[in-house]
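The values are calculated or read from the model by the stated rules, or taken from the named source; none is laboratory data. Computed from a prediction, not measured in an experiment: that's the story for all the values here. Reconstructed Cβ throughout: ideal geometry from the backbone, glycine too, with neighbour counts over all protein chains shown. Keep in mind that these areas ignore ligands, DNA and RNA; they rest on the heavy atoms of the full protein, side chains included. Shrake-Rupley method; radii C 1.70, N 1.55, O 1.52, S 1.80 Å.
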Amino acid sequence: MDITVVVPLFNEEESLPELAAWIRKVMQENGFSYEVLFVDDGSQDASWKIVERLHEAEPCMKGIRFRRNYGKSAALQTGFEASCGDVVITMDADLQDSPDEIPALYRMIKEEGYDLVSGWKKKRYDPLSKTLPTKLFNWAVRRMSHIRLHDFNCGLKAYRGEVVKSIEVYGEMHRFIPVIAKWAGFGKIGEKVVQHRARKYGKTKFGMNRFVNGFLDLLSLSFVGRFSKKPMHFFGSLGLLLFILGFLSAIGLGVQKIYCLRHGIPAPLVTSSPYFYIFLVFMIMGLQLFLAGYLAELVGRNSPTRNTYLVAESLGTGKSGKSGI
């Protein structure tokens, strides 16, 4: 199969028929073999009924429905697990991403050899209150990851099939998929200017809190990327530094006390000095951080964690019960 299109959705009943018809038209015009995976992230409207009708009319229109809302990352990960195409295209269900971009994205993967191609909505139809934080966020991710993309969070992306089977997207890490792919060893990451269309139906599902969450996730991803395999390198080093600093400083207080006694200089008790307790706290904190690194090392080696999403129904994908990473 040439292409799998993964479409995460949440309460998008109005746009789904139009989006499906548009994707079908593009695929038929270009002679692609394809499937479309609609991942319903716990919609409360008629979205799933529309997916059922689409699947009845065309088996290549497939669907997965969660029992509740888990978020976009869970929807993408589940779609990746179920995908069969040589190239996987992701796009949002709100018609702001144009299916007309699919052929060019496919050629960049198959002919130009990219592992991942991210869309860049160079001209956006968003208010300034949204575009300015987005620019700041993208700048911060570029500085952290050294990946030269302008729009990390663009929903329209293309992946080589091997990439989506090799990465794990969890929490709200869908914003950082290019970074995750790079850390997984897929370094040929490209960018394509794509059309950004004004929202036709409904309203955005994301508020201003996503920018705060995005920067917190960026810090988390940076830490995990550097120290997830060796947490002792972070906690152990910092703990050892604090312990040695406190220990040597406490010895310094003791040496000062001995010097005063030998030379007949009046000196207070070591324990009456506030510095003694500060240095003691340093030693305790250092020991705790060292132990935290040791325990994290044990947990990381022996207890890999998995997030599980309950799949209520599946159309044509063979997935049921639980999906997890």
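One table, with the values for the structure above:
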| quantity | calculated |
| --- | --- |
| Among the candidates Phe176, Phe152, residue that is of a type in the set (A, V, I, L, M, F, W, C), closer than 25 Å to Tyr70 by Cα and in contact with a Pro (Cβ under 8 Å, 6 or more places away or on another chain) | Phe152 |
| Sole exception among (1) surrounded by 15 or more Cβ atoms within 10 Å (Cβ to Cβ); (2) modelled with pLDDT of 90 or more; (3) over 30 Å from Gly155 (Cα atoms); (4) not small (Gly, Ala, Ser) for Ile189, by number | (3) |
| Any hit, region 105-115, residues being crowded, with 20+ Cβ neighbours inside 10 Å and touching a His at 6+ places or on another chain (Cβ under 8 Å) | no |
| Hey, Met27 of a type in the set (A, V, I, L, M) and part of a helix (DSSP H, G or I) or not | yes |
| Residue ID - modelled with the highest pLDDT, chosen from residues in region 85-122 that are among the polar types (S, T, N, Q) and in a loop (DSSP other than H, G, I, E, B) | Ser98 |
| Failed item, numbered, when Arg142 is tested on (1) among the basic types (Lys, Arg); (2) free of Cβ contacts under 8 Å to residues at least 12 places away in the same chain; (3) within 19 Å of Leu310 (Cβ to Cβ) | (3) |
| Residues satisfying the stated conditions in region 49-78, i.e. free of Cβ contacts under 8 Å to residues at least 40 places away in the same chain and open to solvent by 70 Å² or more (accessible area, probe 1.4 Å) | Lys49, Arg53, Glu56, Ala57 |
| Any hit, region 67-75, residues being touching a Pro at 6+ places or on another chain (Cβ under 6 Å) and at pLDDT 90 or above | yes |
| Residue check, Ala21 at negative phi, among the aliphatic types (A, V, I, L, M) and out of contact with any strand residue (DSSP E or B) (no Cβ under 7 Å at 6 or more places or on another chain) | yes |
| Hits in region 1-31 (condition: touching a residue at least 12 places away in the same chain (Cβ under 8 Å) and acidic (Asp, Glu)) | Asp2, Glu12, Glu13, Glu14, Glu18 |
| Residue list for region 37-71, filter: within 24 Å of the chain's Cα centre (by Cα) and either in a helix (DSSP H, G or I) or among the basic types (Lys, Arg) (or both) | Arg65, Arg67, Arg68 |
